[in-house]
Amino acid sequence: MAQAGLNQSALARRIGVDRSTVSQLLAAQETRLPNAQVVGECASALGVSADWLLGLTELPELAADLVAAAISMTAAPRALVDEQIFTWHQEAAGYKIRHVPAGLPDMLKTPDFLRWEYAPELGRTTEQAIGASEDRLNWMRSAKSDFEIAIPLHEMSSFARGEGYYHGLPAQLRLQQIDRILALHRQLYPAVRITLFDARRLYSAPITVFGPLLAVIYLGRNYLAFRDPDRIAALTTHFNQLVREADVPDHDIPAHLMLLREKIT
């Protein structure tokens, strides 16, 4: 009542009862509980949850406010210069970051690959985007976080063959890209680990789990971000299953990439 700026009379008027009813509810010696309608009216007038008024929870916030704080939707620009995702990475510095990308991870791509991929849409800003990608990679090298990346097996195969999304990507660029991943794997392993999973057996949407702080699902135009512990734990468990059941575990990545490379040549 004090936080809402209401006294007993004002609260009584707000909820449509006599002042004596409010006084009886507040009396320390009283054991009488209000009916459901009075509880609901009080909760609405005071801006708190009915469960908190009844002592059933320690969280006074309304359910809608709790949901709004736990789940948010953020724009996901079709570009590499994405300050939001970088802010989340910085926030999770020191924690393991688990990532299922929508394609190949941008931070692992060659500049020529990025020009082929983004130039039709970004135009002149492509070079800025490439610079931002390099900044992200440099930050990843210096950060104290471990990165675990799980990629669908068919994504790497489609890339190597230049099929589907990668149709029209010249063979030379595909060879350079595989060499780039091999080089980064040598430089960054085991701080950065890559596994390949069979999406026909165990599917995953594009997700990123930033330690215990945040879990994000990539929708295309938006990120759906969760901060409540239960959902973060559920997505962490899902990711860990992808890694446990991976067809190509992290230590086999170099050999697998070399096989794909031979098929291109």
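Since every read-out is calculated from the coordinates, none of them should be taken as a lab result. This one's a predicted model, so the numbers in the text were calculated from it and none came from an experiment. So basically every Cβ, Gly included, is an ideal-geometry build from the backbone, and we count neighbours across all protein chains shown.
Leu260: net charge of surrounding residues, Cβ under 10 Å, Lys/Arg +1, Asp/Glu -1, itself excluded?
Its environment carries a net charge of +3.
Report the charge-dipole magnitude of the chain in Debye, nearest 20, computed about the Cα centre from +1 at each Lys and Arg Cβ and -1 at each Asp and Glu Cβ.
Using only the charged Cβ atoms, the result is roughly 260 debye.
Once you have the Cα-Cα distance between Ala36 and Asp135, take 0.36 nm times their residue separation minus that, and quote the gain in nm to one decimal.
Values: separation 99, 0.36 × 99 = 35.64 nm, distance 5.69 nm.
The Ala36-Asp135 span can extend by a further 30.0 nm.
When the helices in the chain are scored as -39500 (n - 2.57) per DSSP H run of 4 or longer and the sum is shared across all residues, what 222 nm value do you end up with, to the nearest 500 deg cm²/dmol?
When only DSSP H runs of four or more count, the value is -15000 deg cm²/dmol.
Given region 72-264, what percent of its DSSP beta bridges are antiparallel, to the nearest 5?
Of all bridge pairs located within region 72-264, approximately 65 percent are antiparallel.
Normalised by the empirical 2.2 N^0.38 Å for globular proteins, what value does the Cα Rg of the chain take?
My calculation over the Cα atoms of the chain gives 1.44.
Can you give the Rg/Rh ratio of region 8-61, where Rg is from the C-alpha atoms and Rh is the Kirkwood radius? Present the calculation step by step, with values, prior to reporting the outcome.
Numbers: Rg = 10.8 Å, Rh = 11.4 Å.
With Rh from the inverse mean 1/r over Cα pairs, Rg/Rh is 0.95.
Please give every one of the aspartates and glutamates within straight-line cross-link reach of Lys144, meaning a C-alpha to C-alpha distance under 17 Å, and leave out same-chain neighbours fewer than 8 residues apart.
Glu91, Asp135
Work through the residues other than Gln177 whose Cβ is under 11 Å from its Cβ and net out their charges, Lys, Arg +1 and Asp, Glu -1.
+1
Setting aside same-chain residues fewer than 8 positions from Lys109, which lysines have a Cα under 21 Å from its Cα?
Lys263
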